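The structure under discussion appears below in the form of structure tokens.
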């Protein structure tokens, strides 16, 4: 399955723009329930043979061990004991393929569905969803990128459709509140002056780029005054839900993602990098695998308890996989011809 076929398949299951409960039902996806997408992106190239496509062949298995899951016929590696108990919620796609074997190009294609070109920058899927489904009454941006990694470009679309970046889920949004030294009245006066200056500038020198900047500015002001901005404050989540997660940054990112889709955000990308293990894989992989195991399992339980899993598509993706055989440096090299992605919801 190549990248474009994967996009088509997730569209059939509710991920593509027309199926996010915003357009009339179409023949391809009757009765679709999906309202939001959480895309957990594992940059670096997850080793499918040490995660969700484990093989009984010892040369391929490496130092991993096989765990039986709660679904007959589905095996996972020993690094994912928590998810092994929730595989009934997950679809494992082992037939992924791409024509890109380098990280920047592979990431670009996985997130945009296009090969990189020197003449154009393509929008990420989240930007398309943001542009297509945002309504005037929406108080939060419909594309949010959480964690370190590619923030979520709007490409050739207006900059206002790019992702709102949240580098640290525990810190909330920087500069979201009006500075205490500036009164509301003073801020309004300054905004009136700015609007007057923009009007004169637009008349003589306005371009698409300057309009894009102004639209982004207006969106930021709307966001600052939103009644839903507290969705970014994890301390306001119920103790029952918070207890599902540990204190690791990725788990907290998943908690924030769950809060955002509960408030109606359409597309949330959660970044978890560090999967590029060309050497000493079995010294490095377990720690990152533990982050994914605990964070994703907690997110699935969170969405289930809130009744959101039926209306949220959770996708776990990576730019390519790793080769079947462990190399002399005890790592695995890039393998674009076959890798694994997960879906739930």
For the chain, calculated [θ]222 nm from helices alone, where every DSSP H run of n ≥ 4 adds -39500 (n - 2.57): -10500 deg cm²/dmol
Protection proxy (average C-beta count within 10 Å per residue), highest first, orders 75-87, 236-248, 52-64 as 75-87, 52-64, 236-248
Give me the orientation-averaged projected area of the Cα convex hull of the range 98-203, in nm², one decimal. 10.1
Which percent, nearest 5, of DSSP beta bridges in the chain are antiparallel? 45
For the peptides 210-217, 162-169, what is the packing order when you average, over each peptide's residues, the other Cβ atoms within 10 Å and list the highest mean first? 162-169, 210-217
So, relative contact order of the chain in percent, Cα under 8 Å, 6 or more apart, is 30
Per Stokes-Einstein, at 37 °C and 0.692 mPa s, what whole-number D in µm² s⁻¹ belongs to the chain, with the Kirkwood radius over Cα pairs as the hydrodynamic radius? 154
Using the Kirkwood radius built from alpha carbon pairs, what does the Stokes-Einstein equation give as D for the range 244-320 at 37 °C and 0.692 mPa s, in µm² per second? 245
Would you mind estimating how fast the range 173-230 diffuses translationally, via Stokes-Einstein at 10 °C and 1.306 mPa s with the Kirkwood radius over Cα pairs, in µm²/s? 123
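FYI, it's all coordinate maths here, none of it is from the lab. All values derive from a computational prediction rather than experimental measurement. We place every Cβ from the backbone using ideal geometry, glycine too, and count neighbours over all the protein chains shown.
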